[in-house]
Amino acid sequence: MGIGAAVWKEQSPAGSPSEAKEGMIAFQQVSKTFESGGKTVEALKDVTLTVEKGDIFGVIGFSGAGKSTLLRTVNLLERPTAGSVIVDGKDLSKLSVKELRSVKKNIGMIFQQFNLLETKTVFDNVAMPLVLGDTPKKQIRERVDELLSFVGLTDKAGSYPNQLSGGQKQRVGIARALATNPSILLSDEATSALDPQTTESILQLLQRVNKEYNITILMITHEMNVIKEICNRVAVMEHGAVVEQGSVLDVFANPQTEVARNFVKSVVRDDIPPSVHKLLAAKRGKSKIIKIHFIGESTGQPMLSQVAKRFNSDVNVLFGSITELAGVPFGNLIVELAGNEADIARAYHYIQQQNVTVKEIVS
Amino acid sequence: MEVSSEQVFQALYETVYMVSVSLVFATVIGLPLGILLVVTRKGHILENSAIFSALNPVINVLRSVPFIILLVAIIPFTRLVVGTSIGTTAAIVPLVIYTGPYIARLVENSLLEINPGIIEAAEAMGATPLQIIFRFLIPETLGSLILSITTATIGLIGATAMAGAVGGGGIGDLAITYGYQRFSTITIVATVIILVVLVQGIQSLGNVFARKIRRN
Ligand SMILES: Nc1ncnc2c1ncn2[C@@H]1O[C@H](COP(=O)(O)OP(=O)(O)O)[C@@H](O)[C@H]1O
Ligand SMILES: [Mg+2]
């Protein structure tokens, strides 16, 4: 916890602290210990997190980090051993069984293995949460039709799950989770059983769920790519504890822990590949090799062409890894500056003044 | 001495009567017990170690007594329930006590086949325990439940043959009294054919229904 605490950037919304919103989901010092077969497992250790309304909040961590346990405390599939979970202002541990059921209707959940009823049609699967709540038939029909059209499966209403692809099954899962008009959607590795292309389309659908229905999404994953694609905030978990959290951009730009750095590396390379190392060795002494790390508007290309024009030096991009985070370009460039020494020095100085992080590589 | 076709039909009627009535009662007892065995176990929706650990050994004990011994052992109880310990109706009591726990175990095994994720999804939807049982657990395992009941029915047919020992009658009784004790080969052959057709028919019916429900 020690390292994590120092880097937590509590994003208070612009304005005075008194304006700070009550989060949609607030975990307050939540711990969970499992006892099984004489052994105790500390699945959650003193987790404090706030998911704001409208967030797509990602929790990332390796298998066994405690992500599913954390997610499951939000609809009390798992009861915390200590601490409290506040959902939409209500402390779950203080609710009666009945009240809890009504809170659950306000929380949809989707799963890695979809968990659809195999003996029911797509229509009946999506209708199930409404049937449980004794919704009138006509209303059910309208709502299910609307949801199937939203997820693009109108023509599959009469199909059974075993006639669907994985992506289609997850669409049914999403439609089912939205049936009762929840304000929160929980996603437990919803794309982990899907191929990259299908993952992409499901993530886009989740983004629409967030935007069009104004649903707060808390998703857990072991894939940084998923976080990168749609989350605005992220928490990194390790051994049951949250070791780092912040805006996705902050964590990607400036990961504080080893585990976070590794996850960031899985989508944005910042090591230099061996082939480039060879290139660098060959060029040693003849030119200046720098690494530019950039976020946002100050992207490499326009700046580098400026450098080439202004300072009469050659600019070669040796290696680049660029990605996009929440619509913001983000990445690393390894650049060779060649020319006479004075020009290079001035070019380097110019780059340093731009809104990027730059470092000379001594390889 | 040969049997008349009338006797065969009478025997067949007695078998069908004993099997169907016993099956109904045994299912009425066994199905809820099977459900209880599942939902009261550790980590399940109505976890209750008192009920589970009381029920489990009782069913084991009943299951381990051979039918022919049970038949005799519970004669006083049978007399208490139906007023007599001899005859077709009297045979039904031990048949129910024998088959009920068997169905409970079969039902338990069928219900345990459910993907735990389905129950997780049901709980996440805020389903009540009764809703989980009747809208998720049973419908999702119905194919397997039907096969379980099929197996129990076939077991019952076997047990009714022994029910002849208390004057229950039926096909098995016919085979023993005429075929075995009076050396009537044709009776043996006829009863075997009838039993094979009966068992095959029930199994096929069960398979067809189960396949329909399982959708594959
Ligand atoms: N019901 C349970 N009983 C015992 N241990 C559990 C249970 N659920 C989870 N655990 C343990 O808690 C830890 C965290 O599990 P989990 O939350 O599923 O991790 P993740 O989703 O990050 O892979 C693991 O060590 C796991 O074995
Ligand atoms: Mg998990």
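The values are calculated or read from the model by the stated rules, or taken from the named source; none is laboratory data. In this text the structure is predicted, and so the values were computed from the model without any measurement. Counting neighbours? That spans all protein chains shown, and the Cβs are built from the backbone with ideal geometry, glycine included.
From the list A:V236, A:V267, A:V242, A:V226, the one residue that fits, being more than 14 Å from chain B (Cβ to nearest Cβ) and away from ligand 2 (no atom under 16 Å from the Cβ), is A:V267.
Can you give me the number of residues within segment A:48-72 that are in contact with a helix residue (DSSP H, G or I) (Cβ under 7 Å, 6 or more places away or on another chain) and within 15 Å of ligand 2 (Cβ to nearest atom)?
Of all residues in segment A:48-72, those in contact with a helix residue (DSSP H, G or I) (Cβ under 7 Å, 6 or more places away or on another chain) come to A:56, A:58-61.
Subsequent filtering for residues that are within 15 Å of ligand 2 (Cβ to nearest atom) retains A:58-61.
Residues in segment A:48-72 being in contact with a helix residue (DSSP H, G or I) (Cβ under 7 Å, 6 or more places away or on another chain) and within 15 Å of ligand 2 (Cβ to nearest atom): 4 in total.
Exactly one residue out of A:E223, A:E212 is surrounded by fewer than 22 Cβ atoms within 10 Å (Cβ to Cβ) and at pLDDT below 95: that is A:E223.
One residue stands out in segment B:67-122 among those that are within 14 Å of chain A (Cβ to nearest Cβ), assigned to a helix (DSSP H, G or I) and in contact with a Phe, Trp or Tyr (Cβ under 8 Å, 6 or more places away or on another chain): the one that is surrounded by the fewest Cβ atoms within 10 Å (Cβ to Cβ), namely B:G117. Set side by side, the residues B:I138, B:I213 differ, and just one is touching a Pro at 6+ places or on another chain (Cβ under 9 Å) and surrounded by fewer than 20 Cβ atoms within 10 Å (Cβ to Cβ), which is B:I213. If the condition is being in contact with an Asp or Glu (Cβ under 6 Å, 6 or more places away or on another chain) and either more than 7 Å from chain B (Cβ to nearest Cβ) or of a type in the set (D, E) (or both), then segment A:101-130 contributes only A:Q112.
Only one of these is at pLDDT below 95, more than 14 Å from every other protein chain (Cβ to nearest Cβ) and either under 18 Å from the mean Cα position of the chain (by Cα) or not in a helix (DSSP H, G or I) (or both): B:T151, B:T187, B:T160. Name it. Please lay out each step first, then the result.
Working: B:T151 fails: at pLDDT below 95; B:T187 fails: either under 18 Å from the mean Cα position of the chain (by Cα) or not in a helix (DSSP H, G or I) (or both).
None of the others qualify; the one that does is B:T160.
Restricted to helices (runs of 4 or more DSSP H) entirely inside segment A:255-329, those with at least 1 residues that are among the acidic types (D, E) are A:258-267.
Only one of the numbered conditions (1) within 15 Å of ligand 1 (Cβ to nearest atom); (2) of a type in the set (S, T, N, Q); (3) in a strand (DSSP E or B) is not met by A:Q28, and that is (1). Within segment A:176-194, residues that are part of a loop (DSSP other than H, G, I, E, B) and among the charged types (D, E, K, R) sit with their Cβ atoms under 7 Å from residues that are within 15 Å of ligand 1 (Cβ to nearest atom) and at pLDDT 95 or above, at 6+ positions apart or across chains, in these pairs: A:E189/A:Q112; A:E189/A:I220; A:E189/A:T221.
Those residues that are buried (at least 17 other Cβ atoms within 10 Å of the Cβ) and in a helix (DSSP H, G or I), I need them from segment B:31-55; list them, please. Reasoning before the result, please.
Filtering segment B:31-55 for residues buried (at least 17 other Cβ atoms within 10 Å of the Cβ) gives B:31, B:33-41, B:44-45, B:52, B:55.
Passing the criteria: B:L31, B:L33, B:G34, B:I35, B:L36, B:L37, B:V38, B:V39, B:F52, B:L55.
Beta carbons closer than 8 Å, at least 6 apart along the sequence or on distinct chains, never pair a first residue in segment A:59-88 that is outside the structural domain of A:V236 (by TED's automatic domain parsing) and touching a residue at least 40 places away in the same chain (Cβ under 8 Å) with a second that is aliphatic (A, V, I, L, M) and away from ligand 2 (no atom under 12 Å from the Cβ).
Within segment A:165-195, the set of residues being farther than 16 Å from A:T154 by Cα and either more than 16 Å from ligand 2 (Cβ to nearest atom) or over 19 Å from the mean Cα position of the chain (by Cα) (or both) comprises A:G166, A:A177, A:T180, A:N181, A:P182, A:S183, A:I184, A:L185, A:D195. Among the conditions (1) more than 16 Å from ligand 1 (Cβ to nearest atom); (2) buried (at least 22 other Cβ atoms within 10 Å of the Cβ); (3) within 16 Å of B:E123 (Cβ to Cβ), A:A127 misses just one, which is (3).
Scanning segment A:120-141 for residues that are of a type in the set (S, T, N, Q), in a loop (DSSP other than H, G, I, E, B) and in contact (Cβ under 8 Å) with a residue 12 or more places away in the chain turns up just one, A:T121.
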